[in-house]
Amino acid sequence: MSDSSPDSATRPEHRHDHDVDHPFFAACYDHLPEPEAFEAQRTYLARDLSGRALELGCGTGHMFPYVVEGASGDLEYHAIEPDPHMRKRAVEAARDSGLAVDLRDARAESLPYPDDSFDVVLAGVVFCTVQDPDAALEEVVRVLKPGGEFRFLEHVGADGWRGTGQKLLDPVWKRVAGGCHLTRDTVARFVGHEALAVEEIDRVDVSVFPATPVVRGTLRRRENDVLG
Ligand SMILES: C[S@@+](CC[C@H](N)C(=O)[O-])C[C@H]1O[C@@H](n2cnc3c(N)ncnc32)[C@H](O)[C@@H]1O
């Protein structure tokens, strides 16, 4: 297990200041009640993992025990997390779960890996929080190998009165929830990316207002896309 700042992560284009810095949210995160139904969704994200996998915004490492369960023998697991308070807890979670993780201080918008590096990229409740979701998605596509999978579990903006409520709550919510936004149209963003083909997308009944609905899915980087 390493909390490394390897050379690639400290190149100028990958350096960043530490304004992803939410000590209170990080301290509370493991104590927040997670609906039991989330277990099945985390299992979905970590199913049959093999090859090189990257987890975006791993937080305190909630996914790690599921990754141990879902891994096949040849898994090489990487994770990024820009918040130092979250990352510290993730180091402990990796140790506790016995998962070897190459954990780096980086943002999804500027991944410290070469093109075509990963067989699988995972995002669990991360695109609600990243500062620039379009840039983060471009990076996912860039680091995925052609044919590689992007698996996600995200809460997205709702319709109707729930959507109106989310818009009203969003300014307060993002202050108390570590920068999380309630109103993002994350699935449309994913589905609309021309380099990604949809394998499956499902709405899952796991959460309560205001962080609802929750959607999970798998997209695959097209074999023949040409990155710009
Ligand atoms: C709601 S938490 C989810 C944590 C974890 N993925 C999980 O499943 O419990 C969102 C995480 O995204 C991280 N984050 C914030 N900005 C980010 C960025 N630009 N790139 C990657 N992760 C980011 C936060 O620090 C936080 O750990």
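Bear in mind these aren't lab numbers, they're just calculated from the coordinates by the rules spelled out. Keep in mind that what you see is a predicted model, and the values were worked out from it rather than measured. No Cβ is skipped: glycine too gets one built from the backbone with ideal geometry, and neighbour counts run over all protein chains shown.
Remarks
- For the options 35, 23, 82, a Gaussian network treatment of the chain with springs between C-alpha atoms closer than 10 Å singles out 35 as fluctuating the most.
- Added length on full extension, which subtracts the Cα-Cα distance from 0.36 nm per residue, residue 43 to residue 145: 34.4 nm
- Across all Cα pairs in the stretch 63-177, the calculated P(r) in 10 Å bins from zero up to the longest distance comes to 12, 38, 34, 15, 2 percent per bin.
- Extension gain for the segment residue 202 to residue 76, taken as residue separation times 0.36 nm less the Cα-Cα distance, is 42.6 nm to one decimal.
- Percent of Cα-Cα distances greater than 32 Å, calculated over the stretch 2-221: 11 percent
- Length available on full extension from residue 161 to residue 27: 0.36 nm per residue minus the Cα-Cα distance, which gives 45.0 nm.
- Net charge of Cβ neighbours under 15 Å - reference residue 159; Lys, Arg +1; Asp, Glu -1: +3
- Stokes-Einstein D in µm²/s, Kirkwood radius over Cα pairs - the stretch 22-100 at 4 °C with 1.567 mPa s viscosity: 100 µm²/s
- Stokes-Einstein D in µm²/s, Kirkwood radius over Cα pairs - the stretch 121-228 at 20 °C with 1.002 mPa s viscosity: 149 µm²/s
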